[in-house]
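> Pasting a structure below so you can have a look.
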Amino acid sequence: MISKYRKQFNQEFSQEKYEKVKNLIKEKSGIEAGFRLSESPLFLTKEFEAKLLDASESIIDQIKKLPEGTLEKAIPENCNVPNDTQQPHFFTIDFGICRSENGKIEPQLIELQAFPSLYAFQKIFEDTLCEVYPFLSEIKNKMTSEELKQHLTELIIGDENPENVILLEIFPEKQKTSIDFVLTEKLLGIKTVCLTKVKKEGKKLFYENEGKKTEIKRIYNRVIFDELDKIPDLKIEFDFREEADVKWITHPNWFFKISKFLLPMLNHQFVPKSYFLHEFPEAENLENFVLKPLFSFAGSGVNLNPTKEITDAIQDKENYILQRKVDYEPIFEDINGEFSKAEIRLLYIWRENEDRPVLLENLGRMTKAAMVNVDFNKKDAIWIGSSNAFFAEE
């Protein structure tokens, strides 16, 4: 979208520089990323950034104005965790980069969640791109690495000793996002702990820290609670639904409350119309909609071409939405003259007792396939995978 920077990047790009980016990230983290890194960042205009922020601010306003108790209806009975909070600590919004009917490039909301994303990794990724391509530094994110560290330290560690704060995940070494866990440890001085290693005594939680039993007072939660039921023979001492003397960052209930459940309640020119499946109007055409389970993660269960036979067969229709289709516009030109599509995720934190969240960073995802997921791309495709957006004047 910004021809000046796109042209310069494509001229400077080489496979060697791409390998250098990956190798530098491996040096900084100690491990390779478990997901594909795109060769290219996204170059987007300040005008487009303003549209993103306008949509985000409107969505935040609408969430804040919802009647009390509305969001609680999203929590499945078997997933309700005690000691909920007034607002989430994390807030992320995904927008597709699309072309409107009037020909303008505009964002379209895809989904939103109150669940942490790659907050530590993404800043390292951005800084590394700037190391290898120095001209990017003139348009990099104004949030410095030190400022981001301060924000995350205040949010996640708070007033506690870092040894009493853990990043909690289930089998973290097997997760695609494990590189973010490692970089979070380095950034904040906390340990990543598998849920199976957490011990419970009364209402107190403990983990083994270098051979010493250590109390857990704050949990930076990366466990998707409803995924636990899908793990066979899982043995854990700590059930999320039990009372515990611990502070959740962010509370597990928010995974359900800020989710696709919200989409039918939102209105904005950059928010495609959505309906709960059981409320889908007869006047609408099913062909114009995408079918999505409410609480799927990473695009699982999404049907791009639902039929009446498929929707009629679904028993729990209240747990699905139909979202009007949007067309991702292929505007990111690669070195072969082919074009990728993309979406962008805005990474906010929301401090307790503060009126609005703070935007820290962004995360881009590029594709040449129908869905923004590397698994759907041809193996030899380029300009696909995890990326980062840079904004500049046209």
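> Which of the residues spanning the range 351-389 are at pLDDT 95 or above, surrounded by 22 or more Cβ atoms within 10 Å (Cβ to Cβ) and more than 10 Å from Ser38 (Cβ to Cβ)?
Listed by number, the residues that qualify are Pro357, Glu361, Asn362, Leu363, Ala389.
> Kindly check whether there is at least one residue in the range 223-230 that is crowded, with 20+ Cβ neighbours inside 10 Å, among the charged types (D, E, K, R) and out of contact with any Phe, Trp or Tyr (no Cβ under 6 Å at 6 or more places or on another chain).
no
> Kindly list the number of the only condition in (1) over 18 Å from Met366 (Cβ atoms); (2) surrounded by fewer than 14 Cβ atoms within 10 Å (Cβ to Cβ); (3) small (Gly, Ala, Ser) that fails for Ser58.
(2)
> Tell me which strands (runs of 3 or more DSSP E) are completely within the range 207-257 and hold 1 or more residues being over 16 Å from Thr196 (Cβ atoms) and over 27 Å from the mean Cα position of the chain (by Cα), or say none if there are none. Before you say what the answer is, go through the steps one by one.
Numbers: elements: 212-216, 218-221, 247-249.
Filter on the range 207-257 gives 212-216.
> Please tell me if Glu131 is crowded, with 20+ Cβ neighbours inside 10 Å, touching a residue at least 40 places away in the same chain (Cβ under 8 Å), closer than 25 Å to Ser386 by Cα and among the acidic types (Asp, Glu).
In short, no.
> So if I check each of Glu32, Glu49, Glu72, which one is part of a helix (DSSP H, G or I) and more than 29 Å from Glu329 (Cβ to Cβ)?
On inspection, the qualifying residue turns out to be Glu72.
> Inspect the range 298-316 for any residue being free of Cβ contacts under 8 Å to residues at least 60 places away in the same chain, buried (at least 18 other Cβ atoms within 10 Å of the Cβ) and under 21 Å from the mean Cα position of the chain (by Cα) and give the result as yes or no. Give the steps one after another, and end with the answer.
Filtering the range 298-316 down to residues free of Cβ contacts under 8 Å to residues at least 60 places away in the same chain leaves 300-301, 303, 305-316.
Restricting the remaining residues to those that are buried (at least 18 other Cβ atoms within 10 Å of the Cβ) gives 306, 311.
Keeping just the survivors that are under 21 Å from the mean Cα position of the chain (by Cα) gives none.
Within the range 298-316, none of the residues are free of Cβ contacts under 8 Å to residues at least 60 places away in the same chain, buried (at least 18 other Cβ atoms within 10 Å of the Cβ) and under 21 Å from the mean Cα position of the chain (by Cα).
> Can you name the residue in the range 1-46 that is among the acidic types (Asp, Glu) and under 23 Å from the mean Cα position of the chain (by Cα) and, of all such residues, is surrounded by the most Cβ atoms within 10 Å (Cβ to Cβ)?
Among those residues, the one meeting the criterion is Glu39.
> Could you check the range 85-174 for strands (runs of 3 or more DSSP E) lying wholly inside it with 3 or more residues that are among the acidic types (Asp, Glu), closer than 16 Å to Leu52 by Cβ and modelled with pLDDT of 95 or more?
none
The values are calculated or read from the model by the stated rules, or taken from the named source; none is laboratory data. Everything numeric here is computed off the predicted structure, so don't read it as measured data. Cβ: placed from backbone, ideal geometry, glycine included. Neighbour counts: every protein chain shown.
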